Amino acid sequence: QKEVEQDPGPLSVPEGAIVSLNCTYSNSAFQYFMWYRQYSRKGPELLMYTYSSGNKEDGRFTAQVDKSSKYISLFIRDSQPSDSATYLCAMSGGSSNTGKLIFGQGTTLQVKP
Amino acid sequence: KAGVTQTPRYLIKTRGQQVTLSCSPISGHRSVSWYQQTPGQGLQFLFEYFSETQRNKGNFPGRFSGRQFSNSRSEMNVSTLELGDSALYLCASSAMPGTSTDTQYFGPGTRLTVL
């Protein structure tokens, strides 16, 4: 079983829809949670970075972390065709404070005009 | 501020050869990490460097090695290439090691094809 599980999709939604992307994890030591967006043939681009449980909002994006359930989410409001990409969750933490990120498989999102 | 740069962007090699990939971090960033991305395994951590020292290493064979220079630039080397080494190799930089103060910013990657 992978440490981080993410539904690979693909997920197809109409423009303007609210998108919900999710990851579950098994390692309770994780404290830092990130969402990256990756366009085809590009490197991952950081969208959200959160520490521990709670919500964080940045424009149309909201990240939620529920450490008790070992579950994180990314919501995209008013989705746009330009949001079409692969979304990767990543996490790290623990006593060693390593820079090693553990990634989910990524969810491919298509927003149709 | 310029982002992470990686060279070359594309490489084609044959089995048994070796390859060296280069990464220049964001100006002022002193920590560099390397990842391998494949369709089957996704993004997997290779190693993390800070102040020219390897702080952490992923579960890859010894054919994969790296180093960091005094200007924070980093290189990774893969010797005796295998077909399964075909992947996108990503470099990420952060101001300091670990993720308690900041996270990592990725470069565009080097796409390696092994024939």
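Within the stretch B:76-88, is there a residue that is acidic (Asp, Glu), within 25 Å of residue A:89 (Cα to Cα) and free of Cβ contacts under 8 Å to residues at least 12 places away in the same chain?
The initial filter retains those residues of the stretch B:76-88 that are acidic (Asp, Glu), namely B:82, B:85.
In the following step, the residues that additionally are within 25 Å of residue A:89 (Cα to Cα) were identified as B:85.
From the residues that got through so far, the ones that are free of Cβ contacts under 8 Å to residues at least 12 places away in the same chain too are none.
So far as the stretch B:76-88 goes, no, none of its residues is acidic (Asp, Glu), within 25 Å of residue A:89 (Cα to Cα) and free of Cβ contacts under 8 Å to residues at least 12 places away in the same chain.
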May I ask you to list the residues in the stretch A:98-113 that are outside any loop (DSSP other than H, G, I, E, B) and within 15 Å of residue B:43 (Cα to Cα)? A:102, A:103, A:107, A:108
Whichever residue in the stretch A:66-95 is over 10 Å from the mean Cα position of the chain (by Cα) and in a strand (DSSP E or B) and, among such residues, is nearest to the other protein chains (Cβ to nearest Cβ): A:92
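Take the residues in the stretch B:33-68 that are among the small types (Gly, Ala, Ser) and under 13 Å from the mean Cα position of the chain (by Cα); name whichever of them is nearest to residue B:89 (Cα to Cα).
Quick first cut of the stretch B:33-68, residues among the small types (Gly, Ala, Ser) only: B:33, B:40, B:42, B:51, B:58, B:62, B:65-66.
Going one step further and asking which of them are under 13 Å from the mean Cα position of the chain (by Cα), we end up with B:33, B:58, B:65-66.
Numbers: B:33: 11, B:58: 14, B:65: 13, B:66: 12 Å.
Of everything passing the filter in the stretch B:33-68, B:33 is nearest to residue B:89 (Cα to Cα).
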Condition first: within 24 Å of residue B:35 (Cα to Cα) and charged (D, E, K, R). Now tell me which residues in the stretch A:39-69 satisfy that. A:41, A:42, A:45
Picked from the stretch B:3-49 (must be among the basic types (Lys, Arg) and at pLDDT 95 or above), the residue surrounded by the most Cβ atoms within 10 Å (Cβ to Cβ) is B:13
Looking at (1) touching a residue at least 12 places away in the same chain (Cβ under 8 Å); (2) buried (at least 18 other Cβ atoms within 10 Å of the Cβ); (3) part of a loop (DSSP other than H, G, I, E, B), which one does residue B:103 not meet, given that it meets all the others? (1)
Give A:99, A:59, A:43 a once-over and let me know the one that is free of Cβ contacts under 8 Å to residues at least 12 places away in the same chain and over 25 Å from residue B:88 (Cα atoms). A:59
The residue that is surrounded by the most Cβ atoms within 10 Å (Cβ to Cβ), considering only those in the stretch A:47-81 that are among the polar types (S, T, N, Q) and more than 16 Å from residue A:20 (Cα to Cα), is A:50
Being outside any loop (DSSP other than H, G, I, E, B), surrounded by fewer than 22 Cβ atoms within 10 Å (Cβ to Cβ), of a type in the set (S, T, N, Q) and more than 15 Å from the chain's Cα centre (by Cα) is the requirement here; does residue B:113 meet it? yes
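One residue is enough: does the stretch B:66-77 have a residue meeting the conditions facing chain A (nearest Cβ under 10 Å) and more than 13 Å from residue B:33 (Cβ to Cβ)?
Quick first cut of the stretch B:66-77, residues facing chain A (nearest Cβ under 10 Å) only: none.
No; the residues of the stretch B:66-77 include none that is facing chain A (nearest Cβ under 10 Å) and more than 13 Å from residue B:33 (Cβ to Cβ).
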List pairs: first residue in the stretch A:10-32 and on the phi > 0 side of the Ramachandran plot, second residue exposed (fewer than 15 other Cβ atoms within 10 Å of the Cβ) and not small (Gly, Ala, Ser) anywhere in the structure, Cβ distance under 7 angstrom, at least six positions apart or on different chains. A:16/A:78
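Restricting to the stretch B:71-99, and then to whatever is part of a loop (DSSP other than H, G, I, E, B), aliphatic (A, V, I, L, M) and closer than 30 Å to residue A:31 by Cβ, can you tell me which residue is modelled with the highest pLDDT? Reasoning before the result, please.
To start, the set of residues in the stretch B:71-99 that are part of a loop (DSSP other than H, G, I, E, B) comprises B:71-73, B:79-82, B:86, B:95-99.
The next check asks that each one be aliphatic (A, V, I, L, M); those that pass are B:81, B:95-96.
Next, from what is left, pick out any that are closer than 30 Å to residue A:31 by Cβ: B:95-96.
Values: B:95: 86, B:96: 80.
For the stretch B:71-99, the residue satisfying everything is B:95.
Do any strands (runs of 3 or more DSSP E) entirely within the stretch A:5-44 hold 2 or more residues that are farther than 18 Å from residue A:79 by Cα and at the interface with chain B (Cβ under 9 Å from one of its Cβ atoms), and if so, which?
Numbers: elements: A:11-14, A:19-25, A:32-38.
Once the strands (runs of 3 or more DSSP E) in the stretch A:5-44 are filtered for at least 2 residues that are farther than 18 Å from residue A:79 by Cα and at the interface with chain B (Cβ under 9 Å from one of its Cβ atoms), what remains is A:32-38.
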Positions within the stretch B:10-40 being away from chain A (no Cβ under 12 Å), touching a Ser or Thr at 6+ places or on another chain (Cβ under 7 Å) and of a type in the set (S, T, N, Q), in sequence order: B:18, B:22, B:24
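The values are calculated or read from the model by the stated rules, or taken from the named source; none is laboratory data. Owing to the predicted nature of the structure, the values given are computational and were not obtained by experimental measurement. Cβ coordinates were reconstructed from backbone atoms using ideal geometry, including for glycine residues, and neighbour counts include every protein chain displayed.
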